[in-house]
1. Just checking, does region 196-205 include any residue being surrounded by 12 or more Cβ atoms within 10 Å (Cβ to Cβ) and more than 20 Å from residue 52 (Cα to Cα)?
2. I'd like the residue in region 134-157 that is without any contact (Cβ under 8 Å) to a residue 40 or more places away in the chain and not in a helix (DSSP H, G or I) and, out of all such residues, is surrounded by the most Cβ atoms within 10 Å (Cβ to Cβ).
3. Mind listing whichever residues of region 159-186 are touching a strand residue (DSSP E or B) at 6+ places or on another chain (Cβ under 8 Å) and closer than 18 Å to residue 213 by Cα?
4. Check region 63-77 and report whether any residue there is touching a residue at least 24 places away in the same chain (Cβ under 8 Å), within 21 Å of residue 205 (Cα to Cα) and assigned to a helix (DSSP H, G or I).
5. Looking at region 37-54, can you tell me whether even one residue there is in contact with a strand residue (DSSP E or B) (Cβ under 7 Å, 6 or more places away or on another chain), surrounded by fewer than 17 Cβ atoms within 10 Å (Cβ to Cβ) and in a helix (DSSP H, G or I)?
6. Restricting the search to region 84-115, which residues are assigned to a helix (DSSP H, G or I) and over 19 Å from residue 29 (Cβ atoms)?
7. Criterion first (under 23 Å from residue 7 (Cα atoms) and at pLDDT below 95) does residue 87 satisfy it?
């Protein structure tokens, strides 16, 4: 392990906005479960970003929406270091990061505790459909933690993941809210809050757009 990476792992241990529990498949529930409003010290809506990487989207949205709480989830500690540090540097009190696998998500949140889930540029897993974050396996986990009006958002550059997710929505009769094939050239009417959210772009998103890659967006509810 390089010195810089080791330094970041050590620094992660000092961040008050980053939780790094040790959980296995047979582990008990986390003590964080059901206590996130207490952690944030308010009853504002809680939004998850799963597979958040460096936390660029999590911190970007949190800086624009101080009346909402954001939790970025990823298994890579070196990536989370950047997100946690950015949140602290910008004094974003409505941001937390959680280092864990998405497989364990129901161990950290109780039923109805989450209002929205964002899947931003998730790995399309071309050869492993079951590992896609919109596969039935994962959707069932999301259903257990989302509230009755909870929403799942998918923002992706992958045509494969977009089409696969749309198929799952139709197959399981989920309620589709938005289906946008190109967020930079859409005539679909969307509210100002969502328009503002979709307009936020990460470093790589800007790069993909310059390369002519279209960014797709889907939102749907699974509990209504």
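1. No, that holds for no residue.
2. Once the filter is applied, the top-ranked residue is 134.
3. 159, 161, 162, 179, 180, 181, 182, 183, 186
4. yes
5. Yes - at least one qualifying residue is present in region 37-54.
6. From region 84-115, those assigned to a helix (DSSP H, G or I) are 84-89, 102-107; that's our starting set.
Answer for region 84-115, where residues must be assigned to a helix (DSSP H, G or I) and over 19 Å from residue 29 (Cβ atoms): 84, 85, 86, 87, 88, 89.
7. In short, no.
The values are calculated or read from the model by the stated rules, or taken from the named source; none is laboratory data. Values in this document were obtained by computation on a predicted structure and should not be read as measured data. Here Cβ is always computed from backbone atoms with ideal geometry, including for glycine, and neighbour counts include all displayed protein chains.
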